[in-house]
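K.L.:
Please see the structure below; I have some questions.
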Amino acid sequence: MKIQITNGMFMAIIISMVYPKAVGVTQGIIAREVGGDMWIATLFGIAIAGLVMYLTISLIKRLPEKNLFDHSEVLFGKWISRVVSFLVFIFFVGAYGQMMITFSFHLKDYFLPDAPVVVFVIVPMIVGYFAVYQGLEVIGRISLIGLFAIAFFNVILLIGSLSNFSVSALLPVMRNGFLESVAASRHHFVDWAMATLMAAMILPYVKEKQKWSKTGRTSVMYGGLFIIIWPILQIGVLTPQLAGQFIVSCMLLARSAEIGLFIHRYEMIMVIFYSIPLLIQIMMGIMCASISAAHSFGIKDIRPVLLPVTFILGGFSYWVIFDHIRAMDLLTYYWPSIAIPIAIGLPVIIIIIGFFMKKKLQQHDSTASQ
């Protein structure tokens, strides 16, 4: 029986794939670049993500039973499709590194400073490997819990922060200019890039393909709503100057939140809910890297490559997170230049070439249906 997940699970996976880093370390990077326009840059990033998600889903809907690599194989042949899958594998190696930056910097720097770095590499490797081995349906069910955790996390943050919020801190709007805000949005779009490429790989396993486009739009809309709250609160509560001084600026916002007179340091409670979507993000990073690696070697089942891929991801993430400066340089200067061309370029190129090769796609579709 073919593995299938519901559209609701698919939406929950998308949001969980984006949310942890988007509110964890991305906002501090944007604040250092455009200051008070960080929320506007985030909005631009969400808008671009919505367009790319639409293009990606439109691409997969041409041959709904096939993922991104299968589409490239139909159009270009087996060897070109393996090159495409290898590029996507490189993408998810880098993406896993930024997931682990988010994971380790939150937990080690703020909660377990004396724990060795290797602990924060091995634990998510084990959890992610076990979840991926169990299959996409299991991750889909967990993601529904993750979606609840995200919603609850945002609610308690709002309750604890609104009393200290100053609307005047959001003004003036566009203080750095339109183009600067658009350019800074690349840092947030990189978060969505993981979700768009992930969607191109698992969409054939999502039920009711007639609802794919609506689910994609809804995912970007709700995910963007959950995320945009954070830069607005960071400006109104912390000021962008203060947010930009911290690698994990969301923890500073969580520590400043207050509920009543007797509940203090309740970021300890909040991090529990934050960790659930963060682990889902790590699970999907391992799964997508394994799918890419398996296709690169012409293997249908990901289980033979799952363990070596997990070790590759773990080794790279250890090298990245061992040095804070190296990690932030990668996120700020190098990773957007690598990730954006892959995340946007591959779907756009395949869509354009597929437009001029409609007969080949239709012929393959009719042959497959017979």
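K.L.:
Of all residues being touching a Leu at 6+ places or on another chain (Cβ under 9 Å) and touching a residue at least 24 places away in the same chain (Cβ under 8 Å) in the stretch 232-244, which is farthest from Asn154 (Cα to Cα)? Just the residue, please.
P.N.:
Looking at residues that are touching a Leu at 6+ places or on another chain (Cβ under 9 Å) and touching a residue at least 24 places away in the same chain (Cβ under 8 Å), I get Ala243.
K.L.:
What residue, among those in the stretch 184-214 that are of a type in the set (S, T, N, Q) and surrounded by fewer than 17 Cβ atoms within 10 Å (Cβ to Cβ), is farthest from Asp37 (Cα to Cα)?
P.N.:
Gln210
K.L.:
Then there's this: Find the residue count for the stretch 324-366, including only residues that are in contact (Cβ under 8 Å) with a residue 12 or more places away in the chain and either in contact with a His (Cβ under 8 Å, 6 or more places away or on another chain) or in a helix (DSSP H, G or I) (or both).
P.N.:
25
K.L.:
Out of Ser181, Ser166, Ser143, I need the residue that is crowded, with 16+ Cβ neighbours inside 10 Å and either more than 19 Å from Thr42 (Cα to Cα) or aliphatic (A, V, I, L, M) (or both). Which one?
P.N.:
After applying the criteria, what remains is Ser143.
K.L.:
Could you tell me which numbered condition Val237 fails, if it satisfies all but one of (1) surrounded by 20 or more Cβ atoms within 10 Å (Cβ to Cβ); (2) not in a helix (DSSP H, G or I)?
P.N.:
Tallying (1) surrounded by 20 or more Cβ atoms within 10 Å (Cβ to Cβ); (2) not in a helix (DSSP H, G or I), Val237 fails exactly one: (2).
K.L.:
Here's a check for you: in the stretch 170-182, which residue that is assigned to a helix (DSSP H, G or I) and without any contact (Cβ under 8 Å) to a residue 40 or more places away in the chain is nearest to Thr239 (Cα to Cα)?
P.N.:
Out of the qualifying residues, it is Phe178.
K.L.:
Could I ask something else about it? Based on this model, can you work out whether Thr218 counts as part of a helix (DSSP H, G or I) and surrounded by 23 or more Cβ atoms within 10 Å (Cβ to Cβ)?
P.N.:
So Thr218 does not fit the description; no.
K.L.:
Find all pairs meeting these conditions: Cβ atoms under 7 angstrom apart; at least six residues apart or on different chains; first residue within the stretch 24-35 and of a type in the set (Val, Ile, Thr); second residue surrounded by fewer than 21 Cβ atoms within 10 Å (Cβ to Cβ) and not in a helix (DSSP H, G or I).
P.N.:
Pairs that qualify, where the first residue is of a type in the set (Val, Ile, Thr) and the partner is surrounded by fewer than 21 Cβ atoms within 10 Å (Cβ to Cβ) and not in a helix (DSSP H, G or I), are Val25/Ile247; Val25/Val248; Val34/Asn176.
K.L.:
Still on this structure: Give the stretch 22-59 a look and list any residue that's among the small types (Gly, Ala, Ser) and on the phi < 0 side of the Ramachandran plot, or say none.
P.N.:
Ala22, Gly24, Gly28, Ala31, Gly36, Ala41, Gly45, Ala47, Ala49, Gly50, Ser58
K.L.:
Taking the stated definitions as given, is Ile227 under 22 Å from the mean Cα position of the chain (by Cα), assigned to a helix (DSSP H, G or I) and surrounded by fewer than 24 Cβ atoms within 10 Å (Cβ to Cβ)?
P.N.:
No; evaluated as a whole, the condition is false for this residue.
K.L.:
Here's a follow-up. Please enumerate the residues belonging to the stretch 323-349 that are closer than 10 Å to His187 by Cα and among the aromatic types (Phe, Trp, Tyr).
P.N.:
Across the stretch 323-349, the qualifying residues are Tyr333, Trp335.
K.L.:
Oh, and also: Residues to consider are Tyr133, Tyr110; find the one that is surrounded by fewer than 20 Cβ atoms within 10 Å (Cβ to Cβ), under 24 Å from Leu157 (Cβ atoms) and among the hydroxyl-bearing types (Ser, Thr, Tyr).
P.N.:
Tyr110
K.L.:
Here's another thing I want to ask about it. How about the stretch 285-323: which of its residues are touching a residue at least 24 places away in the same chain (Cβ under 8 Å), exposed (fewer than 14 other Cβ atoms within 10 Å of the Cβ) and either of a type in the set (Gly, Ala, Ser) or touching a Ser or Thr at 6+ places or on another chain (Cβ under 6 Å) (or both)?
P.N.:
Matches in the stretch 285-323: Gly298 only.
K.L.:
While we're here: Among the residues of the stretch 92-110 satisfying the criterion of being hydrophobic (A, V, I, L, M, F, W, C) and in contact with a helix residue (DSSP H, G or I) (Cβ under 7 Å, 6 or more places away or on another chain), which is nearest to Ile247 (Cα to Cα)?
P.N.:
Among those residues, the one meeting the criterion is Ile101.
K.L.:
Here's another thing I want to ask about it. Quick one: is Val23 at pLDDT below 95, part of a helix (DSSP H, G or I), within 28 Å of Val271 (Cβ to Cβ) and within 22 Å of the chain's Cα centre (by Cα)?
P.N.:
yes
K.L.:
Please specify each residue of the stretch 82-131 satisfying the condition of being of a type in the set (Ser, Thr, Tyr) and farther than 23 Å from Pro304 by Cβ.
P.N.:
Those that are of a type in the set (Ser, Thr, Tyr) and farther than 23 Å from Pro304 by Cβ: Thr102, Ser104, Tyr110.
K.L.:
Could you tell me how many of the residues in the stretch 35-56 are aliphatic (A, V, I, L, M) and touching a Ser or Thr at 6+ places or on another chain (Cβ under 6 Å)?
P.N.:
Number satisfying all stated conditions: 4.
So that you can scan it fast, the table gives a plain yes or no per residue for (1) under 15 Å from Gly223 (Cα atoms); (2) surrounded by fewer than 23 Cβ atoms within 10 Å (Cβ to Cβ); (3) touching a strand residue (DSSP E or B) at 6+ places or on another chain (Cβ under 6 Å):
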| position | (1), (2), (3) |
| --- | --- |
| Ile3 | no, yes, no |
| Ile40 | no, no, no |
| Leu43 | yes, yes, no |
| Trp79 | no, yes, no |
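The values are calculated or read from the model by the stated rules, or taken from the named source; none is laboratory data. On a predicted model such as this, the values are computed, not experimentally measured, just so you know. Backbone-built Cβ (ideal geometry, glycine too); neighbour counts: all protein chains shown.
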